[in-house]
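**Q** I'd like to ask you about the structure that follows.
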Amino acid sequence: MRKLKLYEKFIFVINSLMAFALLLSYILPYIEPKKFAFLSVLSLAVPFLIIINILFVIYWLLKVKKQLLVSLVVLALGYSYVFSLYKLTSSKNVDDSENISVMNYNVRLFNVFDWIEGPNLKENMSQFILDKNPDILCMQEYRTDDDINFSIFPYKHIELSGNKVKNGQAIYTKFPIINSGSIEFPKTSNNAIFVDIVKGVDTIRVYNVHLQSSGIDPTVELSKENSENLVKRVSSTFKMQQSQTEQFLIHKNKSPYKTIISGDFNNTAYSYVYKEIKGEMKDAFEQAGNGFGRTFDFKFFPVRIDFVLVDDAFDINAFKTFDVKYSDHYPVMAKVKLK
């Protein structure tokens, strides 16, 4: 530190704080939000913390300073975090006639309130889905709309709630549905729905999960007033997400079928709820995706909060995130095959 100039000492202090925050984030998936909700908020910032620490390493490397070791060691300790943020490998894409394509899409009420400007946006969203032609389509923040045509799907299950604008979750599928239902979360319009579908001789349980929203609006600048309430608001949300996750897992663990979980978790892959829901299941992005895999249009850094998970009965043959801005979420699609 003696050889550092005054401004460099200041930078190193900031560097040390960012490195400590990233180090602390490594234990977040193991901490229940109900017990330490304020710490859980840090899980949303993990992508930023990884990027900023990489930038600090580059900064000190260019200056040939040993201070680079602080961020470098922390990044090395959490190498699995770093490599889960950005997949360097090319996308896996195995074409197989037995593939089942699963699309997840938070459609944000098909832009009914014109949050996103653009002509024919609703029709473009509908046409995009038809063009990609998934076998199973899971949508969150879905509403019925006469202008939306999903005639390619002969089977569907929809659960809606609300007064002014009824909305909820929907599952459309090309496979026969023999059973369906909803897991109603208390004190919220969010829920999880499921269908049991038949493919050949196999029955598959498909869940569409929509956990509580954090209420962060990326289109609004985080003013001082918003920032003061942010931690409290998000902490409360994460406690609800934990309760919803526990309720969901009770239902899931009673299922005798091969399982696919699709949904908007409103939390990152570095969170407690993601770890609990994923369990021993496989994340399609981690197995077959590439790049950042961002699924939410957050302007500050890439955020992945929408997932397709499958149990060990499936091989994951492909995964893609589509860069189409018809919603505040980006659609994702996985191709999986029963073993």
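**Q** Any chance you could get the radius of gyration and Dmax over the Cα atoms of the range 77-165, in Å?
**A** Considering the range 77-165 through its Cα atoms, Rg and Dmax are 17.2, 52 Å.
**Q** Where does the Debye-calculated log10 I(q)/I(0) of the range 1-140 sit at q = 0.15, 0.20 Å⁻¹, using only Cα point scatterers of equal weight, no solvent?
**A** Values returned for q = 0.15, 0.20 Å⁻¹ are -0.93, -1.10.
**Q** Report the extension gain between Phe128 and Ile177 in nm, rounded to one decimal, defined as 0.36 nm multiplied by the number of residues separating them, less their alpha carbon distance.
**A** Extending this stretch completely gives an extra 15.2 nm.
**Q** Could you point to the label whose value was computed as volume of the Cα convex hull per residue in Å³ for the structure here, given [x] 116; [y] 232; [z] 155?
**A** [z]
**Q** Of all the accessible heavy-atom surface of the chain, with the other protein chains kept in place and a 1.4 Å probe, what percent is carbon and sulfur?
**A** In the chain, the share of accessible area belonging to carbon and sulfur is 55 percent.
**Q** Still on this structure, please answer the following. So how do 315-326, 244-255 stack up, highest first, on mean other-Cβ count within 10 Å?
**A** Ranked from most to least packed, the peptides come out as 315-326, 244-255.
**Q** I want the antiparallel fraction of DSSP beta bridges within the chain, as a percent rounded to 5.
**A** 80
**Q** I would also like to ask the following. What relative contact order, as a whole-number percentage, does the range 2-59 give when Cα pairs under 8 Å and 6 or more residues apart are counted?
**A** Reported relative contact order: 38 percent.
**Q** Just to be sure I understand the curve: with the Debye formula and one point per C-alpha of the range 238-282, what is log10 I(q)/I(0) at q = 0.14, 0.19, 0.20, 0.34 Å⁻¹?
**A** Summing over Cα pairs of the range 238-282 leads to -0.32, -0.58, -0.65, -1.49.
**Q** Any chance you could run the full-extension gain for Glu184 through Lys63? It's 0.36 nm times the residue separation minus the Cα-Cα distance, nm to one decimal.
**A** In short, 38.0 nm is gained.
**Q** While we're looking at this one, here's another question. Working from Cα positions, state the angle (0 to 90°, nearest 10) between the long axis of helix 68-77 and the longest principal axis of the chain.
**A** So the helix axis and the longest Cα principal axis differ by about 30 degrees.
**Q** Translational diffusion coefficient, Stokes-Einstein: compute it for the range 146-205 using the Kirkwood radius over C-alpha pairs as Rh, at 10 °C and 1.306 mPa s, and state it as an integer in µm² s⁻¹.
**A** On the way: Rh = 12.9 Å.
Roughly 123 µm²/s, to the nearest whole number.
**Q** Still on this structure, I have one more. Extension gain Leu249-Ser161, at 0.36 nm per residue separation less the Cα-Cα distance, in nm? Working shown, then result.
**A** Details: separation 88, 0.36 × 88 = 31.68 nm, distance 2.24 nm.
Between Leu249 and Ser161, full extension yields an extra 29.4 nm.
**Q** Right, something else. In percent, what relative contact order does the chain have, based on Cα pairs under 8 Å that are 6 or more apart in sequence?
**A** Value for the chain: 21 percent.
**Q** Can you tell me the 0 to 90 degree angle between the C-alpha axis of helix 224-252 and the longest principal axis of the chain, rounded to 10?
**A** Orientation of helix 224-252: about 50 degrees from the principal axis.
**Q** Given the peptides 256-268, 108-120, arrange them by the average over their residues of other C-beta atoms within 10 Å, most packed first.
**A** Numbers: 256-268: 22.5, 108-120: 13.2.
So the order, starting with the most tightly packed, is 256-268, 108-120.
**Q** Measuring with a 1.4 Å probe in the full set of protein chains, what accessible area per residue, in whole Å², belongs to the chain?
**A** 49
**Q** Using r as the Cβ-Cβ distance of Val231 and Lys299, and R0 as 22 Å, what FRET efficiency do you calculate, to the nearest 0.05?
**A** 0.65
**Q** Please express the Cα-Cα pair-distance distribution P(r) of the range 54-94 as a list of whole percents, one per 5 Å bin, running from 0 to the bin with the greatest distance.
**A** 6, 22, 21, 18, 13, 10, 5, 3, 2, 0
**Q** Of all alpha-carbon pairs in the range 185-338, indicate the percentage at a distance above 26 angstrom. Mind dumping the intermediate values first?
**A** Details: 3433 of 11781 pairs.
Result: 29 percent of Cα pairs exceed 26 Å.
**Q** Could I ask something else about it? If you take all C-alpha pairs in the range 102-218, what percent of them are over 23 Å apart?
**A** Of all Cα-Cα distances in the range 102-218, 31 percent exceed 23 Å.
**Q** Right, another one. Could you work out the mean projected area of the convex hull around the alpha carbons of the range 1-79, in square nanometres to one decimal? Intermediate results must be reported in sequence, preceding the final value.
**A** Working: hull surface 22.1 nm².
Computing the convex hull of the Cα atoms and averaging its projections yields 5.5 nm².
The values are calculated or read from the model by the stated rules, or taken from the named source; none is laboratory data. All of these numbers come straight from a predicted model, not from anything done at the bench. Positions of Cβ are backbone-derived with ideal geometry, glycine not excepted, and every protein chain shown enters the neighbour counts. Side chains included, ligands, DNA and RNA excluded: accessible areas come from the protein's heavy atoms. Shrake-Rupley method; radii C 1.70, N 1.55, O 1.52, S 1.80 Å.
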